[in-house]
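Below: one structure, written as structure tokens.
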Amino acid sequence: MASPKRKDTAREAATEAWIASVPVPEAGFTAAARKDALARFGAMGLPGRRDEYWKFTDPSSLTAPEVPPAALFDAGEAQLFGDVDSVKLVFTDGAFDAGASDDPAAAGVEITRLAEAGAADIHWAQDLYGVLEARGQTPVARPLAALNTAAAGDGVLIRVTGRAEKPVHLIYRHESETSDAILHHCIKVEAGAELTLLETGPAAARFNKVMEVDVATGGRFHHVRAQGRDHERRAATHIFARVAEGSLFKSFTLTVNGQLTRNECVIEIAGDNASAHVAGAALGDGSYGKFHHDDTVFVTHDAVGCESRQVFKKVLKNGATGVFQGKILVKPGAQKTDGYQISQSLLLDEDSQFLAKPELEIYADDVKCSHGSTTGAIDETALFYLRSRGVEKEEATALLVLSFLADAIEEIEDERLAGEIVGRLEDWLARRKT
Amino acid sequence: MLEIKNLNVKLEEEDKQILKGVDLTVEAGKVHAIMGPNGSGKSTLSYVLSGRDGYEVMDGSATLDGEDILEMEPEERAAAGLFLAFQYPVEIPGVGNMTFLRSALNAQRKARGESEVSAGDFLKLVREKAKTLKIDAEMLKRPVNVGFSGGEKKRNEILQMAVLEPTMCILDETDSGLDVDAMKLVADGVNALRDPRRAFLVITHYQRLLDHIQPDVVHIMADGRIVKTGGPELALEVEKNGYADILAEIA
């Protein structure tokens, strides 16, 4: 009995050390939220391997006082979505790079930097900052998100009131081997408005990011994100979304490389006839160091006639590990819910592993919910079919990997963005021909 | 063109011999048909020739234009001119029919030391071939065989054959699952490819496909070997009397 107690003490001490390192804000519209978040973080404590929610993923490198160094990685490839006409905002190791960014004022949407919003009285942001994060803490604790709300150094606050003319593109750059970046973004899509948000690039040696997205009645939000290709990064990201009546939320993430990536997505469907889709494609090759990728998703249906989809695909080789924890919670009264969840892994060798925990919890009787999880190797019959037409084995394997990932990529509505993602996948596969 | 000598093959996983000394020679420009009851080894022969995993060649040889194909990878056999039209064409979601066909054609050309076909030329080529098989542009855009009807899948196989222009075509029960109209369309596609430099090996249960694709030679296969060889009249005999008579005759 002594051992667990000692560990708890260690956790408390580590939590206290983090709290001590977070500056307590005196003023500004986020001050109250930060103070509240810090108190919640203190009550929850840092996540540990013994927590059920962290059973498959060791958070110690995310919570260590010292940042585990991550070598800089020059992919030597063109900026993803670089040719897409967008409002580009650049963060280098978590710090805004005004010189490399477009002028937010000229964007046609309201964009304010969190670090500059400090004293300003931005009502909509005050109603959002830390609010969805706090709501997302039940029924499962997400201490790293609370820590983020308390300690975020910067981020963007974006509000759209109409159809945004062009996407907002958050570009992350990593230039310090020991950077520890904490960014917090708030996005408000007002009634009937529409926004596409792009996120690309390696952000820091260690990255803690929270994005709160509030989509009002009839609003539409599209999110396409590419993480990588820095091999040694550690990242914990959270998306907290609330979708109102008749609105649409769509998020897609491509993850390549990275020692540890935990992407949590918490969606609250709060209005009738709304739709929320979250998808991910991850490519992990353990031969360049550890690869551990964790998608943790929690979708709550709390309205009538809503649809949700979770589509997660992972391609793993050379000792890579993939994790999926996904839940659909249908609250009482959320009738006519259509919930769907699929998590699949394609193991390209026998050294890799996929750990999945799909969950459904339903308190309404007129719903349609399904979930599935599979893990398997390349389909030999399909491989033979392609080869019998003259396609070489490596090329045929690459085609089958793309085939496997297709369902996830189809969740990207914009064909041009989807095409660029496929291009990156093809490049990744081409580099790994054996 | 295709020369098979004393081919003995067993399943890799279990100690079960399927082919027990197949001897068969198919000359350029000819259409040979192989008929036989279920389990006689017809499909196994097609798989072994095209290089599918799971079989072990115990004895014998198979050469295409004098080259030993049994040692080759499946893609090398394809580049050498061999083509197998599958009994059950495989669905490959997320890979466009055109992408697949172009990868296949260019891979074969590359393997033969030829230059790749440009996107424009390829499109023209496929459209022209597709038209005669009544394959519309929509079907070409869809992922490989996904959502295709039985007939569409088989037509797609023949389209691949028409585009890749192999010299030795093996059709494995191409008539299975087809209604009369679909079968006729497929047969027309095959007949259009008949050429003095090209040979066909048509594997089928029934004579009806051979009404549309007239064979020069008909072989009866039973228990892993060719037990009788004759002209087109042999197929008619099977149609009329079944396999029992022939098998009894040779027993």
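The values are calculated or read from the model by the stated rules, or taken from the named source; none is laboratory data. Keep in mind it's a predicted model, so treat the numbers as computed, not measured. As a convention, Cβ positions derive from the backbone with ideal geometry for all residues, glycine included, and neighbour counts pool all protein chains shown.
Of all residues in region B:99-110, one or more are of a type in the set (D, E, K, R), surrounded by 18 or more Cβ atoms within 10 Å (Cβ to Cβ) and within 14 Å of another protein chain (Cβ to nearest Cβ).
Which condition from (1) at pLDDT 90 or above; (2) over 25 Å from residue A:176 (Cα atoms); (3) in contact with a strand residue (DSSP E or B) (Cβ under 9 Å, 6 or more places away or on another chain) is the one that residue A:105 breaks? The single condition residue A:105 does not satisfy is (1). If you filter region A:22-81 down to residues that are of a type in the set (Asp, Glu), in a loop (DSSP other than H, G, I, E, B) and more than 19 Å from residue A:236 (Cβ to Cβ), you find that the one that is farthest from the chain's Cα centre (by Cα) is A:26. Within region A:346-384, the set of residues being small (Gly, Ala, Ser), more than 28 Å from residue B:95 (Cα to Cα) and out of contact with any Ser or Thr (no Cβ under 8 Å at 6 or more places or on another chain) is empty. Summed over region B:128-141, the residues that are surrounded by 14 or more Cβ atoms within 10 Å (Cβ to Cβ) and not in a loop (DSSP other than H, G, I, E, B) give a count of 5. Among the residues here, residue B:25 qualifies as without any contact (Cβ under 8 Å) to a residue 24 or more places away in the chain and among the hydroxyl-bearing types (Ser, Thr, Tyr).
Residue A:430: surrounded by 18 or more Cβ atoms within 10 Å (Cβ to Cβ) and touching a residue at least 24 places away in the same chain (Cβ under 8 Å), yes or no? So that I can check it myself, show each step before the final result.
Numbers: surrounded by 18 or more Cβ atoms within 10 Å (Cβ to Cβ): no; touching a residue at least 24 places away in the same chain (Cβ under 8 Å): yes.
No, not satisfied.
Determine whether residue B:99 is within 19 Å of the chain's Cα centre (by Cα) and of a type in the set (Val, Ile, Thr). No: the conditions fail for residue B:99. Applying the set (1) closer than 24 Å to residue A:204 by Cα; (2) touching a residue at least 24 places away in the same chain (Cβ under 8 Å); (3) buried (at least 16 other Cβ atoms within 10 Å of the Cβ) to residue A:54 leaves exactly one unmet item: (2).
Note on region A:63-83: among residues that are surrounded by fewer than 12 Cβ atoms within 10 Å (Cβ to Cβ) and not charged (D, E, K, R), the one that is farthest from residue A:49 (Cα to Cα) is A:78.
Anything in region A:341-373 that is within 22 Å of the chain's Cα centre (by Cα) and surrounded by fewer than 15 Cβ atoms within 10 Å (Cβ to Cβ)? List them, or say none. Let's see the steps before the verdict.
Here is the first cut: in region A:341-373, the ones within 22 Å of the chain's Cα centre (by Cα) are A:341-346, A:353-360, A:371-373.
Selection gives A:359, A:372.
Restricting region B:163-180 to residues that are part of a loop (DSSP other than H, G, I, E, B) and charged (D, E, K, R), the residue that is farthest from residue B:80 (Cα to Cα) is B:179.
Among the residues of region B:127-146, those identified as under 23 Å from residue B:175 (Cα atoms) and either free of Cβ contacts under 8 Å to residues at least 12 places away in the same chain or among the hydrophobic types (A, V, I, L, M, F, W, C) (or both) are B:130, B:131, B:133, B:135, B:136, B:139, B:140, B:144, B:146. Looking at region A:258-290 only, could you name the residues that are closer than 25 Å to residue A:72 by Cβ, polar (S, T, N, Q) and without any contact (Cβ under 8 Å) to a residue 60 or more places away in the chain? If the condition is that a residue be closer than 25 Å to residue A:72 by Cβ, polar (S, T, N, Q) and without any contact (Cβ under 8 Å) to a residue 60 or more places away in the chain, then A:261, A:263, A:287 are the ones that fit. Residues in region B:72-90 that are under 15 Å from the mean Cα position of the chain (by Cα) and either more than 7 Å from chain A (Cβ to nearest Cβ) or part of a loop (DSSP other than H, G, I, E, B) (or both): 11 in all. If only residues of region A:115-129 that are among the acidic types (Asp, Glu) and either modelled with pLDDT under 85 or in a helix (DSSP H, G or I) (or both) are counted, the one that is surrounded by the fewest Cβ atoms within 10 Å (Cβ to Cβ) is A:121.
Among the residues of region B:103-121, those that are touching a helix residue (DSSP H, G or I) at 6+ places or on another chain (Cβ under 7 Å) and within 17 Å of residue B:160 (Cα to Cα) comprise B:103, B:104, B:105, B:107, B:108, B:116, B:117. Meeting the requirement of 3 or more residues that are under 17 Å from the mean Cα position of the chain (by Cα), closer than 22 Å to residue A:58 by Cβ and not basic (Lys, Arg), the strands (runs of 3 or more DSSP E) wholly within region A:272-317 are A:275-285, A:292-301. With respect to (1) outside any loop (DSSP other than H, G, I, E, B); (2) of a type outside the set (A, V, I, L, M, F, W, C); (3) away from chain A (no Cβ under 14 Å), the lone exception for residue B:93 is condition (3). Taking the residues in region A:17-35 that are out of contact with any helix residue (DSSP H, G or I) (no Cβ under 7 Å at 6 or more places or on another chain) and surrounded by 13 or more Cβ atoms within 10 Å (Cβ to Cβ) as candidates, determine which candidate is modelled with the lowest pLDDT. Ranking the qualifying residues of region A:17-35, first place goes to A:28.
Results for (1) more than 14 Å from chain A (Cβ to nearest Cβ); (2) over 23 Å from residue B:247 (Cβ atoms), shown as yes or no for each residue.
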site	(1), (2)
B:21	yes, no
B:26	yes, yes
B:33	yes, no
B:37	yes, no
B:42	yes, no
B:49	no, yes
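Count of region A:87-114 residues, restricted to those that are more than 21 Å from residue A:194 (Cβ to Cβ) and either in a strand (DSSP E or B) or touching a Gly at 6+ places or on another chain (Cβ under 9 Å) (or both), is 8. In the set (1) surrounded by fewer than 22 Cβ atoms within 10 Å (Cβ to Cβ); (2) within 14 Å of chain A (Cβ to nearest Cβ); (3) in a strand (DSSP E or B); (4) aliphatic (A, V, I, L, M), the condition left unmet by residue B:58 is number (2). The residues of region A:200-218 that are buried (at least 24 other Cβ atoms within 10 Å of the Cβ) and in a strand (DSSP E or B), listed by number, are A:206, A:207, A:208, A:209, A:210, A:211, A:212, A:213, A:214, A:215.
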